[in-house]
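The values are calculated or read from the model by the stated rules, or taken from the named source; none is laboratory data. From a predicted model like this one, the values you see are computed outputs, not experimental measurements. Here the Cβ positions follow ideal geometry from the backbone for every residue, glycine too, while neighbour counts run over all protein chains shown.
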Amino acid sequence: MTRQQVLIVSSHPLFREGIVRLLGDRADVVGSVTRWEDARQLPLERRPDVIIVDHDSPELKVADLAPLLWPDAEDLRVIYVTLSGDKMTIHARHQVSGAGEADLLRALQGSRPEPETTLVRSETSQNRSKTDPIGASNDPQRRKDRMKKRTYTKDFVIVAVLVAIVSAITIAVLLSLPLMPVEASTQAQSIDWLFDLELIIIGFLFSLIVVFMLYSLIVFRRRNNEEADGHHFEGHTKLEITWTVVPLIVVLILGFIGAATLQRVTAAQPEEMTVEVNAFSFGWLFSYPEQGIKNSPVMNLPLDQPILMKMKSNDADVNHNFWVPEFRVKQDLVPGVPTQLRVTPSLIGNYTVRCNELCGSGHTNMQAAVNVVSQADFDKWVQDQAAAAQKAPADLSPEEMATLGAEIYRTQGCAGCHSIDGVTGVGPTWKGLYEHEVELANDTAVIADEAYLKSSILDPASQIVKGFNPVMPATYKDTLTEAQISQLVEYIKSLK
Ligand code: CUA
């Protein structure tokens, strides 16, 4: 038996090496090429008798064109092989040769079953380009592939139903979770509507990904006796266009809805009432220019009254952020840049404004009461404020002043640094401070009398207590009235 001249075609070096090893010296390997075109480089006298083609290689599609390369080849054989580990599968073998018109006519009349020539070639190329990579219609592998195709359709139906069911459950659970506090402004309704829409989309996308993934992991897992590689895919243009265009459209629609919602939430309302919001490290003050109320530590708002908040940060270089979760909207307060925020309170209740910008050691305590009250209660509060403003500090008893001071301590940021129970914080505790000796950073000592307490509030840098950093803001001389400072001092005096 003459030694066969073998050409190996595969894009995988391991395949080519494997075949060379298998053949050993039982055949002449005339060439081992990555791409079919490279076979053109072979010298004419090294024309192969047999072409071994990697069944998993894209070269599969053109191997039968061999007679175009070697037109005088009479009986060129092509063998399709899969090599996986030590196991080998031969999918098909046939002969190809150059042919003329007469050969085609003979083949049509069925008078030349042997050798398989032009007809085989055309049949195999056509079949391969569609569904069947083997090219032999009676091959059991091909029947198996056909069965698999039908199964995929069933798989898609099952997955679609599962996605629908899991989506419905996920969305129902997400929407029923108490993720948001009550809605206390008309702006909150628009935002919650958008939030719910996004939860629905999130629930669907979550289900789509998780169901596809788990279904594939379970149904297409490797069984015990399976060792072959999976099918090789070279991309799917329609699928790729779909999964690019559909999300693009969804994102564009969401962007449009988001912009429309933002516009609705920030739109000017008829007959707005102005409230000036001043933030400082670490507290809030609210002024009502139309009612003549200045620097209130609490914000009272009448129900259903559109509010325009004009906001600024009293600090030189610290941003704060006004955030009442029940109103949903929030806004930065930036030194030197006046900002504004619109809210129409829609639910009577006591809420809290929290600073939502990490601004320093007192950030967590930078809170103030925000109360939505009836119009009647609001009018009464305005009257009380006016009466209190007229009442001179001298009219109040020390106990009344200490009570007011306690409110200032809570609402103006003092509590962020100074404890009232003896615990050392960012600053010294206020408990037992009054009339006790204080050791200063410059190694002198003073008695904490009224004058010392006042000067420490107004000009904190002047007398730093030993062991503490000079971090107290010098802004209280602007944000607190003289009466309020007296009330604070009275409060400190009461903390024996
Ligand atoms: Cu102000 Cu955080």
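For the condition modelled with pLDDT under 75 and part of a loop (DSSP other than H, G, I, E, B), what is the one hit in ASN138, ASN127?
Being modelled with pLDDT under 75 and part of a loop (DSSP other than H, G, I, E, B) holds for just one of ASN138, ASN127, which is ASN138.
Determine which member of the set ALA451, ALA415, ALA483, ALA406 is exposed (fewer than 13 other Cβ atoms within 10 Å of the Cβ) and either of a type in the set (A, V, I, L, M) or assigned to a helix (DSSP H, G or I) (or both). Step through it out loud before you land on a result.
On the way: ALA415 fails: exposed (fewer than 13 other Cβ atoms within 10 Å of the Cβ); ALA483 fails: exposed (fewer than 13 other Cβ atoms within 10 Å of the Cβ); ALA406 fails: exposed (fewer than 13 other Cβ atoms within 10 Å of the Cβ).
The conditions single out ALA451.
Filter region 340-368 down to the residues that are crowded, with 17+ Cβ neighbours inside 10 Å and farther than 15 Å from PHE282 by Cβ, then identify the one that is farthest from the ligand (Cβ to nearest atom).
Taking the candidates together, the pick is SER346.
Regarding region 427-437, can at least one residue be identified that is in contact with a Ser or Thr (Cβ under 8 Å, 6 or more places away or on another chain) and touching a residue at least 24 places away in the same chain (Cβ under 8 Å)? If you could, list the steps in order and put the result at the bottom.
Narrowing region 427-437 to residues in contact with a Ser or Thr (Cβ under 8 Å, 6 or more places away or on another chain): 429-431.
Within this subset, residues satisfying the condition of being touching a residue at least 24 places away in the same chain (Cβ under 8 Å) are 430-431.
Yes, region 427-437 contains a residue that is in contact with a Ser or Thr (Cβ under 8 Å, 6 or more places away or on another chain) and touching a residue at least 24 places away in the same chain (Cβ under 8 Å).
Inspect region 310-325 for any residue being more than 18 Å from SER287 (Cβ to Cβ), away from the ligand (no atom under 16 Å from the Cβ) and among the basic types (Lys, Arg) and give the result as yes or no.
Looking through region 310-325, none of the residues is more than 18 Å from SER287 (Cβ to Cβ), away from the ligand (no atom under 16 Å from the Cβ) and among the basic types (Lys, Arg).
Being within 13 Å of the ligand (Cβ to nearest atom) and either buried (at least 16 other Cβ atoms within 10 Å of the Cβ) or polar (S, T, N, Q) (or both) is the filter here; which residues of region 326-339 pass it?
Within region 326-339, GLN331, ASP332, LEU333, VAL334 qualify.
Where the second residue is part of a helix (DSSP H, G or I) and polar (S, T, N, Q) and the first is closer than 11 Å to LEU199 by Cβ and lies in region 158-177, which pairs have Cβ atoms under 8 Å and are six or more apart or on separate chains?
Pairs that qualify, where the first residue is closer than 11 Å to LEU199 by Cβ and the partner is part of a helix (DSSP H, G or I) and polar (S, T, N, Q), are THR170/SER207.
Could you check region 454-480 and list, in sequence order, the residues that are of a type in the set (Gly, Ala, Ser) and crowded, with 20+ Cβ neighbours inside 10 Å?
Filtering region 454-480 for residues of a type in the set (Gly, Ala, Ser) gives 455-456, 461-462, 467, 474.
Once the filter is applied, which keeps residues that are of a type in the set (Gly, Ala, Ser) and crowded, with 20+ Cβ neighbours inside 10 Å, region 454-480 yields only SER456.
Look through VAL211, VAL250 and report the one residue that is surrounded by fewer than 13 Cβ atoms within 10 Å (Cβ to Cβ) and more than 16 Å from the ligand (Cβ to nearest atom).
Numbers: VAL211 fails: surrounded by fewer than 13 Cβ atoms within 10 Å (Cβ to Cβ).
Being surrounded by fewer than 13 Cβ atoms within 10 Å (Cβ to Cβ) and more than 16 Å from the ligand (Cβ to nearest atom) holds for just one of VAL211, VAL250, which is VAL250.
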